[in-house]
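Heads up, the thing below is written out as structure tokens.
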Amino acid sequence: MADLIKLLAMAVGFAALTATLQGCGPQPRATTTTMTTTTTTGTPKRSPGGDPAEIAKLLNDAYYGFSNDTKDPMDPKAPMGVTMNLPSDQTSFFKNIFCAEYNNPKGKTGCSQGRCDCRFSAALYNHLMLITEGFTLMDILKRRTAIVFNQTLVENYLSRCFYIWDGASNNKYNVGCGNGAGGDCSSRNSAFHNICPSTNKTCTAQDQESKDGLCQQFGGLHPMPVAHSAGYQCSFPGPAIDYHEQQGWQPTDSREHLREMLTFRTKNQQGNDEGTLKTKMWNEVVLDVRLLMPRIWEDPALVIPAFVYWKDDPIAKANAKTMRDDFCAEYGLDQKIPVLALDWKATTLKKEPIYLALPEDNEQEVVI
């Protein structure tokens, strides 16, 4: 499986990442991971953290790579942006992981208000969305620390589904990608337990409750919403839409679904909605924790190439370093994953670098 991941990473532009991750110095320890259909025993050979300047360049290329212009089409193999999560707990990666079957080093989690289990919500950032009227990075929720995911893995392996706007996926069947589910922890038909009423079994992509939540072109009930206020937020299926820990599972080829979602979004985000500029509004990428955490165990620096903070915010920077240090310590990474700055004043129209490699003890930019 590790070879598959590295092959995926190299296939669409992340060869630069793997090329910079040379040698590894983890502290050996015997651990077994059994959360998915594969079992890994012992400590695998892991990549060290990448070179900050090279990772920053890679992420900037991904951020500016998407195009919805048919006269100037993008490279079909290029990443379509950068997927990030702005965590609610900004000092520990693991305290943002909610999956009852995962042996979380910060403590096991359980049901909360019937919400989806093993779902991780992120957003895709690029130069055409999640930006202000001044074409600068949107300062969302005042959370100024973020986790960056390997975009190749997001697009080809980890994602269950994508939403044009905020999908409110925490109370939906099929791990956030189907129709609405109940919010009662005691009910087998809650989003947490993910038992589809039509089958009385764990939801699969073929079940009606799962299909009904998709957009119409994928067999669902609802058209693509032109705004968050326009009606039901239907989903676009991702490579892991039908993952339910079955033997022999393989991701589906669904990159074009993400491209279709992004093209529709960027062509329908003029003006305001719900009192907010539409370019500022969320999209949503739903990742499956049961796929994410075993891959992190195998090669954490490949899956999480960077932690980032909003430039000139010392608290955010300190939080990002604390989160990074805790993450690297858990996996024995002697050469740490980079902590990069996000330049929220950079103008996307000018294609100014968003991701900056700055020395961790000051704010002097590293020349790339």
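Here are the numbers for this structure:
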{"quantity": "Residues of the range 268-291 classified as in contact with a strand residue (DSSP E or B) (Cβ under 6 Å, 6 or more places away or on another chain) and open to solvent by less than 10 Å² (accessible area, probe 1.4 Å), total", "calculated": "7"}
{"quantity": "Qualifying residue in the range 298-308 (condition: more than 28 Å from A78 (Cα to Cα) and open to solvent by 10 Å² or more (accessible area, probe 1.4 Å))", "calculated": "no"}
{"quantity": "Failed item, numbered, when G114 is tested on (1) touching an Asp or Glu at 6+ places or on another chain (Cβ under 6 Å); (2) buried (at least 22 other Cβ atoms within 10 Å of the Cβ)", "calculated": "(2)"}
{"quantity": "Failed item, numbered, when A240 is tested on (1) closer than 27 Å to F149 by Cα; (2) open to solvent by less than 40 Å² (accessible area, probe 1.4 Å); (3) assigned to a helix (DSSP H, G or I)", "calculated": "(3)"}
{"quantity": "Complete set of residues in the range 330-342 that are surrounded by fewer than 20 Cβ atoms within 10 Å (Cβ to Cβ) and part of a loop (DSSP other than H, G, I, E, B)", "calculated": "G332, D334, Q335, K336"}
{"quantity": "Residue in the range 153-167 that is closer than 30 Å to I195 by Cα, surrounded by 16 or more Cβ atoms within 10 Å (Cβ to Cβ) and of a type in the set (D, E, K, R) present", "calculated": "yes"}
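The values are calculated or read from the model by the stated rules, or taken from the named source; none is laboratory data. What you see is a predicted model; the values in this text were computed from it and never measured. Note: ideal-geometry Cβ built from the backbone for every residue, glycine included; neighbour counts use all protein chains shown. What goes into the accessible areas is simple: the full protein's heavy atoms, side chains included, and nothing from ligands, DNA or RNA. Shrake-Rupley method; radii C 1.70, N 1.55, O 1.52, S 1.80 Å.
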